[in-house]
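*Asks:* Quick one: the structure is below, questions incoming.
The values are calculated or read from the model by the stated rules, or taken from the named source; none is laboratory data. In this text, all values refer to a predicted model and were calculated from it rather than measured experimentally. For neighbour counting, all protein chains shown are included, and Cβ atoms are generated from backbone atoms with ideal geometry for every residue, glycine included. SASA here: full protein model, heavy atoms, side chains in, ligands and nucleic acids out. Shrake-Rupley method; radii C 1.70, N 1.55, O 1.52, S 1.80 Å.
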Amino acid sequence: MVIKRREFLATCGLATIATQISPLTAKGELATTIHKPSHLQVGDTVGFISPAGIVDAKDIEAAQQSFSQLGLKVKLGKHILDRYGYLAGKDGDRAEDVNLMFSDRTIKAIIPMRGGWGCNRILPLLDYSLIRSHPKIIIGYSDITTLLLAINARSQMITFHGPVATSTWNQFTVDYFKRILFNAEAVTMQNLNPSEVRVETIAPGKARGKLVGGNLSVLSAMVGSPYLPSWNKSILFVEEVGEDVYRIDRMLTQLKTAGILNQISGFIFGQCTNCKLGDEPSFTLIQVLQQHILPLGIPAWYGSMIGHIKDKFTLPIGLEVEINAELGTIRMLEAAVSLV
């Protein structure tokens, strides 16, 4: 009866399913094949863009130095230093930089400078057929979640949740970035120092599925839009920063009532950086996660190296993975990039 109930609930996510638009090819045909971007090599050129918040010239200079150490050249987006209120330029200009980077044959990867807010505003202005025809690495986190999910859903392309250009490019972060995006390895991701960043198992077990997710508040704001991928039997990962526990509860409730949680086969909460209990009395974060996830009967844990932290995994959105909730591991079942 439990299995039948879950199957029934999975079909009742009408708010989500009704708004999912199947991606189309340039010829208007239904797109079903997931595209992998080509891997990076030393000497390649990457494109810096500012699709969300404002950046300064000094931020660009520091990021260029980081990528130079990776053996990569940098090309700047046309509007990277624009300012429009709290946004890095007008919506049309920020969208133009995304489209131009995908159409530019000299660019091998697209690296947003930072998150903030603004990516959701440009989604209707992106050319998803063009993006699908020119699959490239695009990586980021926080507000960049919006671009990663929309491009994965509408262009059927693997995207990557990981560092932005202004992130801390330390050994941990660089190691996963290079192994996955340069070497095309199928990596098993696991916290290096469990004594410092402890995994808290919510429900034990293993599960397989497509890896999908990102920042929880950004993801919640996309519910009901036509820019989300299928959740059916997916592994959902989320992270958050600066939110009181009751807000985490509210956002997970939104995913539940939208029918999303009832479709997933595994759940990972990365890091909740600077998240507080808020007004007393309060539940703890783990209690809230248990309340929402335990009834689903799926493997789940808290504490993965995902989020607003210095040490970051590079996570391939749309790729099949296997998770182990007791060990806190995410095992890629194949390479996320092409060696062609």
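*Asks:* Give the residues of the stretch 211-221 that are under 13 Å from the mean Cα position of the chain (by Cα) and of a type outside the set (S, T, N, Q), sorted by residue number.
*Replies:* Across the stretch 211-221, the qualifying residues are L211, V212, G213, G214, L216, V218, L219.
*Asks:* Go through (1) over 12 Å from the mean Cα position of the chain (by Cα); (2) closer than 20 Å to S38 by Cβ; (3) not charged (D, E, K, R) for T159 and report which single condition fails.
*Replies:* Result: T159 fails condition (1) only.
*Asks:* Continuing with this model, one more query. For the stretch 218-251, how many residues are among the small types (G, A, S), in a helix (DSSP H, G or I) and open to solvent by 40 Å² or more (accessible area, probe 1.4 Å)? Steps first, answer last, please.
*Replies:* We begin by selecting, within the stretch 218-251, every residue among the small types (G, A, S); these are 220-221, 224-225, 230, 234, 242.
Subsequent filtering for residues that are in a helix (DSSP H, G or I) retains 220-221.
Next, from what is left, pick out any that are open to solvent by 40 Å² or more (accessible area, probe 1.4 Å): 221.
Here the count works out to 1.
*Asks:* In the stretch 132-170, what residues are out of contact with any Ser or Thr (no Cβ under 7 Å at 6 or more places or on another chain) and in a loop (DSSP other than H, G, I, E, B)?
*Replies:* Matches in the stretch 132-170: P135, K136, Y141, I158, V164, A165, T166, T168, N170.
*Asks:* What are the residue pairs meeting all of these: first residue in the stretch 264-279, first residue more than 23 Å from G209 (Cα to Cα) and among the β-branched types (V, I, T), second residue modelled with pLDDT of 95 or more and outside any loop (DSSP other than H, G, I, E, B), Cβ atoms under 6 Å, and 6 or more apart or on different chains?
*Replies:* From the stretch 264-279, the pairs are T273/V241.
*Asks:* What is the residue count in the stretch 252-267 for residues that are on the phi > 0 side of the Ramachandran plot and surrounded by fewer than 18 Cβ atoms within 10 Å (Cβ to Cβ)?
*Replies:* Our first condition is that a residue be on the phi > 0 side of the Ramachandran plot; within the stretch 252-267, this holds for 259.
Then keep just the ones that are surrounded by fewer than 18 Cβ atoms within 10 Å (Cβ to Cβ); that gives none.
The number of residues fulfilling the criteria is 0.
*Asks:* Any residue at all in the stretch 195-216 that's under 24 Å from Q287 (Cα atoms), assigned to a loop (DSSP other than H, G, I, E, B) and free of Cβ contacts under 8 Å to residues at least 24 places away in the same chain?
*Replies:* yes
*Asks:* Give the stretch 161-174 a look and list any residue that's open to solvent by less than 10 Å² (accessible area, probe 1.4 Å) and over 20 Å from Q64 (Cβ atoms), or say none.
*Replies:* H161
*Asks:* Still on this structure, I have one more. Only residues that are among the charged types (D, E, K, R) and open to solvent by 10 Å² or more (accessible area, probe 1.4 Å): list them for the stretch 127-156, please.
*Replies:* Selection gives D127, R132, K136, R154.
*Asks:* Also, quick follow-up: So for the stretch 257-276 (the condition being among the small types (G, A, S), touching a Lys or Arg at 6+ places or on another chain (Cβ under 9 Å) and more than 30 Å from K108 (Cα to Cα)), does at least one residue qualify?
*Replies:* Yes, the stretch 257-276 has at least one match.
*Asks:* Scan (1) within 25 Å of V164 (Cα to Cα); (2) open to solvent by 10 Å² or more (accessible area, probe 1.4 Å) for the single condition N324 breaks and write down its number.
*Replies:* Of everything listed in (1) within 25 Å of V164 (Cα to Cα); (2) open to solvent by 10 Å² or more (accessible area, probe 1.4 Å), N324 misses just condition (1).
*Asks:* In contact (Cβ under 8 Å) with a residue 24 or more places away in the chain, crowded, with 17+ Cβ neighbours inside 10 Å, within 26 Å of E243 (Cα to Cα) and not small (G, A, S), is that true of L181?
*Replies:* Details: in contact (Cβ under 8 Å) with a residue 24 or more places away in the chain: yes; crowded, with 17+ Cβ neighbours inside 10 Å: yes; within 26 Å of E243 (Cα to Cα): no; not small (G, A, S): yes.
So L181 fails the test.
*Asks:* A further question on this structure: Tell me whether the stretch 173-183 contains one or more residues that are assigned to a strand (DSSP E or B), at pLDDT 95 or above, more than 12 Å from K310 (Cα to Cα) and not aromatic (F, W, Y).
*Replies:* No.
*Asks:* Also, quick follow-up: Under 7 Å between Cβ atoms, which residue pairs at least 6 apart in sequence (or on different chains) link something in the stretch 287-314 that is within 24 Å of L277 (Cβ to Cβ) with a partner that is open to solvent by 10 Å² or more (accessible area, probe 1.4 Å) and of a type in the set (D, E)?
*Replies:* Listed by first residue and then by second, the contacts come to V288/D249; W301/E200; Y302/E200; G303/E200; M305/D311.
*Asks:* Note down all Cβ pairs under 8 Å where the first residue falls in the stretch 218-238 and is over 21 Å from K206 (Cβ atoms), the second is surrounded by fewer than 17 Cβ atoms within 10 Å (Cβ to Cβ), and they're at least six residues apart or on different chains.
*Replies:* Going by the 8 Å Cβ cut-off, the qualifying pairs are V223/A15; G224/A15; G224/T19; S225/T19; P226/T19; P226/I21; L228/T19.
*Asks:* Give the stretch 86-123 a look and list any residue that's under 19 Å from the mean Cα position of the chain (by Cα), surrounded by 24 or more Cβ atoms within 10 Å (Cβ to Cβ), among the hydrophobic types (A, V, I, L, M, F, W, C) and farther than 15 Å from P37 by Cβ, or say none.
*Replies:* Those that are under 19 Å from the mean Cα position of the chain (by Cα), surrounded by 24 or more Cβ atoms within 10 Å (Cβ to Cβ), among the hydrophobic types (A, V, I, L, M, F, W, C) and farther than 15 Å from P37 by Cβ: M113, C119, I122.
*Asks:* Would a scan of the stretch 279-300 turn up a residue that is buried (at least 16 other Cβ atoms within 10 Å of the Cβ), part of a strand (DSSP E or B) and not charged (D, E, K, R)?
*Replies:* Scanning the stretch 279-300 turns up at least one residue that is buried (at least 16 other Cβ atoms within 10 Å of the Cβ), part of a strand (DSSP E or B) and not charged (D, E, K, R).
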